[in-house]
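Enquirer: Got a structure here, written out as structure tokens. Questions coming.
The values are calculated or read from the model by the stated rules, or taken from the named source; none is laboratory data. As the structure is a computational prediction, the values presented were derived from the model and not from experiment. A quick note on method: Cβ atoms are made from the backbone with ideal geometry, for glycine too, and the neighbour counts reach across all protein chains shown. Accessible surface is based on the protein model in full, side chains and every heavy atom, while ligands, DNA and RNA are left aside. Shrake-Rupley method; radii C 1.70, N 1.55, O 1.52, S 1.80 Å.
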Amino acid sequence: MRIPPLLSVLLAVTVLALGGCAGFVERPAVPPVTPSPALVKVEAPPDLTDDLDLPSLLRALDESLAYYRERGDKRVFCLPEVCYTGEEMASGLRLFKEIMTSPASEEERRRAIRQRFDFYRAAGRDGRGEVIFTGYFEPILAGSLERTERFRYPLYGVPPETVTVRLGLFNPKYGRERITGRLAGREVVPHYSRREIDTGKALAGRGLEIAWTDDPVALFFLHIQGSGILRLPDGSLLRVGYAGANGRPFRGLTGMMVQRGLLGENEKSYRRLKAYLEDNPATREELMNYNESYVFFRVVPEGPLGALGRVVVAHRSIATDLDLFPPGALALVRLRKPLFDERGEIASWRPFSRFVLNHDAGGAIKGPGRVDLFCGTGPEGEMVAGSLNERGELYFLVGKREGGEGS
């Protein structure tokens, strides 16, 4: 859909924000008129155990504290019944660190968490708390800084004509809605689709290539993951992260391929999809073009970076819909995890609970019933992430105010 030419549109336009799995745009520190129905205040769940090591939790807490210190201190975070400042959110994280590093027994720490924190459960996709958990990872690809006969599939930086329009600046009824497109003369028009970029070469030859890879399927999944590592011919590593996207809708392939009879109903998995694309080079480009969403990259010194501009921590960072859930916040997840045998096959599933931090967002992670768990880097992270598609529960924890306000 074309937007009428308006010079004033340029006042509301910002170049796509640098981010991780998906873009996160800072918004004015004005609380919404009504709290989001995505969260419901509840009693603490009975199981407050954590299945991982303390150092990884402390690293994730520190990343959130750095976010509040650098970007979130001026924001207001509204949950049912009460709104919190960024400093209050950070204060709760510092309190949680004190509890978790105290010499108290495990049971005493759990008791302190129940007493000192309010719990908010995600309403979930059914309104009763059912959340679907998937996983994402940081892939490692072969790459090159120059185009060669082998390395001919480009990673593009953000085209300079890319713009994001915050519609709420024009009319409050649009709230936080925004659209991403490109400037064409005086108009904002839809950005190039995956087909136009990869098949039609709409961006080729403009000097936007930041690197090249030799595997179009791996590159396609790099777009979905949002960040990765390129192993260059001399053995050095180049880390790339999300820099923006074309604003086109993310569309998953597996459902469409089941409808076309290319995959069986019981084959709707990351592994089967990847294997099919690798085994069918004649048709894979057309299939991949079904997902119109296209990610632009940048070279990053550390990472992988999440949507808050902070490093995500393996098995401790989650991606959610940041329009619904407070960025940087402490959360508890309860679901099952896969256990693998020596061949890399799933041997069994084990229930677990774990404290995590809300560090990221994703093109397909929309609504109160979706969470993406960051599963790490390379083949091990890919193995876990590719297997995860589980129902579970998500709770956010916020430190109680003194005197019981907000409790």
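Enquirer: With the other protein chains left in place, how much accessible area per residue, in square angstrom, belongs to the range 194-267 at a 1.4 angstrom probe?
Expert: Using a 1.4 Å probe on heavy atoms only, each residue of the range 194-267 averages 44 Å².
Enquirer: Moving on. Carbon and sulfur atoms: what percent of the 1.4 Å accessible area of the range 211-358 do they account for?
Expert: Ligands and nucleic acids excluded, carbon and sulfur reach 47 percent.
Enquirer: Further question: Which value results for Rg/Rh of the range 284-363 when Rg is the Cα radius of gyration and Rh the Kirkwood radius based on the inverse mean 1/r?
Expert: 1.06
Enquirer: Taking amide H positions as placed in the peptide plane 1.01 Å from N, state which residues far from TYR84 in sequence (5 or more) or on other chains have amide H under 5 Å from it.
Expert: Correct list: PHE77, CYS78, LEU79.
Enquirer: Still on this structure: How big is D, in µm² s⁻¹, for the range 113-157 by Stokes-Einstein at 37 °C and 0.692 mPa s if Rh is the Kirkwood radius over C-alpha pairs?
Expert: D, rounded to a whole number, is 207 µm²/s.
Enquirer: Determine, from the Cβ-Cβ distance of GLU146 and THR254 and an R0 of 35 Å, the FRET efficiency 1/(1 + (r/R0)^6), rounded to the nearest 0.05.
Expert: So, using R0 = 35 Å, E works out to roughly 0.50.
Enquirer: Working from Cα positions, state the angle (0 to 90°, nearest 10) between the long axis of helix 378-387 and the longest principal axis of the chain.
Expert: The answer is roughly 70 degrees.
Enquirer: Could you do me a favour and compute the accessible area per residue for the range 271-347, 1.4 Å probe, result in Å²?
Expert: Normalised by residue count, the accessible surface of the range 271-347 is 39 Å².
Enquirer: Multiply the residue gap between ARG176 and LYS274 by 0.36 nm, knock off their C-alpha separation, and tell me the result in nm, one decimal place.
Expert: Between ARG176 and LYS274, full extension yields an extra 31.8 nm.
Enquirer: For n ≥ 4 DSSP H runs only, could you compute -39500 (n - 2.57) per run for the chain, divide by its residues and tell me the 222 nm figure to the nearest 500?
Expert: Here the helix-only value at 222 nm equals -6000 deg cm²/dmol.
Enquirer: Related question: Show me, bin by bin at 10 Å from 0, the whole-percent P(r) of the range 106-217 based on Cα pairs.
Expert: Calculated P(r), rounded to whole percents: 10, 21, 23, 21, 16, 9, 1.
Enquirer: Heavy atoms only, probe 1.4 Å: what % of the accessible area of the range 115-199 goes to carbon and sulfur, would you let me know?
Expert: 46
Enquirer: Let me ask something else. Want the number for GLU380 to ASP126: 0.36 nm per residue separation, take away the alpha-carbon distance, what's left?
Expert: Extending this stretch completely gives an extra 88.2 nm.
Enquirer: Place the peptides 47-59, 221-233 in order of packing, highest mean first, counting for every residue the other Cβ atoms within 10 Å and averaging per peptide.
Expert: Listed from highest to lowest mean packing, they are 221-233, 47-59.
Enquirer: Something else: List the relative contact order of the range 127-273 as a percent without decimals, with contacts defined as Cα pairs under 8 Å and 6+ residues apart.
Expert: Over the range 127-273, the number comes to 30 percent.
Enquirer: Once the Cα gyration tensor of the range 159-250 is found, what semi-axes does its equivalent ellipsoid get, as square roots of 5 times the eigenvalues, in whole Å, sorted largest first?
Expert: Gyration-tensor ellipsoid for the range 159-250: 30, 16, 12 Å.
Enquirer: So, one more: Highest GNM mean-square fluctuation, the chain, Cα pairs closer than 10 Å: which of SER293, SER64, SER105?
Expert: Comparing SER293, SER64, SER105 in the GNM, the peak value goes to SER105.
Enquirer: What part of the accessible area of the range 37-105, given as a whole %, is carbon or sulfur when the probe is 1.4 angstrom?
Expert: It is 56 percent, rounded to a whole number.
Enquirer: Quick one: grab Rg to one decimal and Dmax as a whole number for the chain, Cα atoms only, in Å.
Expert: Both quantities, over Cα of the chain: 21.7, 68 Å.
Enquirer: Can you tell me the length gained on complete extension of the stretch LEU52 to THR101, counting 0.36 nm per residue apart and subtracting the Cα distance?
Expert: In short, 16.2 nm is gained.
Enquirer: Further question: Angle between the Cα long axis of helix 86-101 and the longest principal axis of the chain, 0 to 90 degrees, nearest 10?
Expert: 70
Enquirer: For the range 69-134, with every protein chain kept in place, what is the accessible area per residue (1.4 Å probe, Å²)?
Expert: 51
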